[in-house]
Structure formats: C-alpha cells, structure tokens
1. Taking the 0 to 90 degree range and rounding to the nearest ten, how far is the long axis of helix 37-48 tilted relative to the main principal axis of the chain, both from C-alpha atoms?
2. Please identify the GluC sites (Glu not before Pro) of the stretch 1-109 that satisfy two criteria: DSSP loop assignment and at most 14 other Cβ atoms within 10 Å. Which are they?
3. Does the stretch 54-123 come out rounded, prolate or oblate, given a ≥ b ≥ c as the square roots of the eigenvalues of its C-alpha gyration tensor, rounded meaning a/c under 1.5 and, failing that, prolate meaning a/b above b/c?
4. Run through the DSSP bridge list for the stretch 68-133 and note the antiparallel percent, rounded to the nearest 5.
5. Which value, in debye to the nearest 20, gives the size of the charge dipole of the stretch 1-88 about its Cα centre, when Lys and Arg are +1 and Asp and Glu are -1 at the Cβ?
6. If you look for lysine pairs in the chain that are eight or more places apart or on different chains, how many of them have Cα atoms under 22 Å apart?
7. Could you list log10 I(q)/I(0) for the chain at q = 0.15, 0.20, 0.22 Å⁻¹, which the Debye formula gives when each Cα is one point scatterer?
8. Within the set of other residues whose C-beta is less than 15 Å from the C-beta of Tyr73, count the net charge using Lys and Arg as +1 and Asp and Glu as -1.
Amino acid sequence: MEFTVQSFEDLERVASYIIENAKYKIFTLSGNLGAGKTSLVKYLGKNLGSDDEISSPTYSIVNEYHYPSGKIYHFDLYRINDFEELINIGFHEYIDSGNYCFIEWPEISVSELPEHHEFLLNLKDQTRYITFK
C-alpha cells in the first residue's frame with residue numbers, strides 16, 4: 001500500500017492507519033536522508049499514546065520511549081559498520097523484547113529480524129511517498 005503525504009495531518013492519518021493495521025511490532029524504515037523516517041516514527045509513537053519527545057537516535061543508535069502499554073525502541077543503524085557492532089548494542093534483546101521497534105537504516109539488521117513490516121519512504125517535489133508492506 002502506498003500513501004502520499006503532503007502535510008503533518010496526512011502523516012498523522014498514515015500513522016494511525018499503520019498502527020491499527022499492523023500485525024507485528026517490528027518496523028523497518030528505509031529511504032534517503034530527509035525522506036521523513038524520524039517524522040513517521042514521531043507520529044507512530046504519538047498514535048501509540050507516547051508523550052515522550054521522539055527524536056532521531058543518530059548518535060545514540062537507539063532511543064527508548066514509553067507509551068501506556070510498554071516501551072518503544074527507535075534505532076538508527078546508519079553508523080553501524082558491521083554485524084558485530086549490532087550484536088554489541090544488544091540488538092537481539094531489543095528485538096526479542098515484545099516491544100515496538102522502529103529501525104531506520106535497517107539493511108545490516110534485516111537478516112536477523114523476525115516477521116516485520118517494511119516501509120520505503122521517498123521525497124519528490126515536497127511530497128513524501130510511503131510504501132507500507
């Protein structure tokens with residue numbers, strides 16, 4: 001399914017649809033810099049009921065947020081260079097926790113993931129396109 005996003009209201013609507021229709025709690029988000037990966041995670045967290053300030057985990061690699069039913073883990077794996085680094089941050093413990101996991105730049109982790117949803121985000125002429133699998 002593909003969504004066209006031209007406003008924050010559209011993004012909020014997309015996040016609501018995704019959370020309502022998700023079968024799994026693990027999500028990968030792929031796309032170029034500035035495509036809206038972190039913005040989508042902000043709205044997904046808000047839709048889950050989180051009051052935390054969701055921001056990019058670029059330097060921390062993983063951020064933890066809370067929502068009424070548990071925790072949200074938000075990863076940015078852009079700076080992870082190899083599989084060993086992924087293991088050293090405790091990646092499997094996060095993924096196996098049963099909590100929501102949103103993974104930006106997931107390429108290095110895909111082979112280690114159980115069933116999950118995939119997003120591809122593209123930005124073209126001020127319009128974002130989100131493909132949800």
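Read-outs: derived from the displayed coordinates by stated rules, not from any lab. Just so you know, these numbers come straight off a predicted model, no measurement behind them. So basically every Cβ, Gly included, is an ideal-geometry build from the backbone, and we count neighbours across all protein chains shown.
1. That helix lies at roughly 90 degrees to the long axis.
2. Loop-located and lightly packed - Glu53, Glu107.
3. Verdict is rounded for the stretch 54-123.
4. Counting DSSP beta bridges with both partners in the stretch 68-133, the antiparallel share is about 55 percent.
5. Computed charge dipole of the stretch 1-88: roughly 160 debye.
6. Pairs that pass both the separation and distance tests number 20.
7. Evaluating at q = 0.15, 0.20, 0.22 Å⁻¹ gives log10 I(q)/I(0) of -0.66, -1.22, -1.48.
8. -3
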